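Here the structure is laid out as structure tokens; the discussion comes afterwards.
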């Protein structure tokens, strides 16, 4: 019995060893196993593109609300930054030259505060039909010659309201000296529509004396055109700028102002009586004067 058990145990061990040998023989060598497996593909690392920098530019915009038909003044033009990629075509970038071009230009449509000033929104001085477009219905344009003093030293701009004052000297020896120089307002609340023949603004900031305005064009009625022209032949014309909120009407006429109204010294000068002189000639050499 014991021999049988030993025999069966030896047979089992032999079968087990045979199975182990058979399993090992069927396994491929390690190098072959590694070569049989395909190598993993190299995956390129995709890096996200860096965001493009946001470019901003300074653009000329309306500094305050502007009505259609108005003439732009320096204080109505300011600058504001916008993203360049979002700007519409025809924009005016901030520069001294562009500001000078826009001053005095007529606005074609109403502009809100901060709205960009496009080329299509304005009619610049010098453009074809600018003067006719600026004039109000039924009114005329008349030009007045000025200098650094009578033109308020270049501080008048298109769109301002002015009074036209005539100063004259009356050549009449019989009048008292205090009544020989007079000034009177011949036009009130006239709108300035252009400065100089080039229809541009007056003396530029930092300009020289040669840039001082020499002509000012104002808007008046047909009758007032004649009055201005006649006044220019009688005496010297000067301009006085009115406040933007001035409510003074043409009925507020204080009449003429004489030299005696300004200078008390001239007002006290006695009146010189008029002297009539008759000269009688006797022959070719003798003559006598008789005063009355």
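Observations on the model:
- Of the strands (runs of 3 or more DSSP E) that lie entirely inside segment 124-199, those containing 3 or more residues that are modelled with pLDDT of 85 or more and under 23 Å from the mean Cα position of the chain (by Cα) span 181-195.
- Residues that are farther than 19 Å from residue 167 by Cα and within 23 Å of the chain's Cα centre (by Cα) were ranked within segment 218-245; the one that is modelled with the highest pLDDT is 219.
Yes/no matrix, rows are residues, columns are (1) in contact with a strand residue (DSSP E or B) (Cβ under 8 Å, 6 or more places away or on another chain); (2) modelled with pLDDT of 80 or more:
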| position | (1), (2) |
| --- | --- |
| 29 | no, no |
| 47 | no, no |
| 69 | yes, yes |
| 88 | yes, yes |
| 95 | no, yes |
| 121 | yes, yes |
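- Matching option when the condition is out of contact with any helix residue (DSSP H, G or I) (no Cβ under 8 Å at 6 or more places or on another chain), within 30 Å of residue 192 (Cβ to Cβ) and modelled with pLDDT of 85 or more, among 80, 64: 80
The values are calculated or read from the model by the stated rules, or taken from the named source; none is laboratory data. Being a predicted model, the structure only gives us computed values, none of them experimental. Counting neighbours? That spans all protein chains shown, and the Cβs are built from the backbone with ideal geometry, glycine included.
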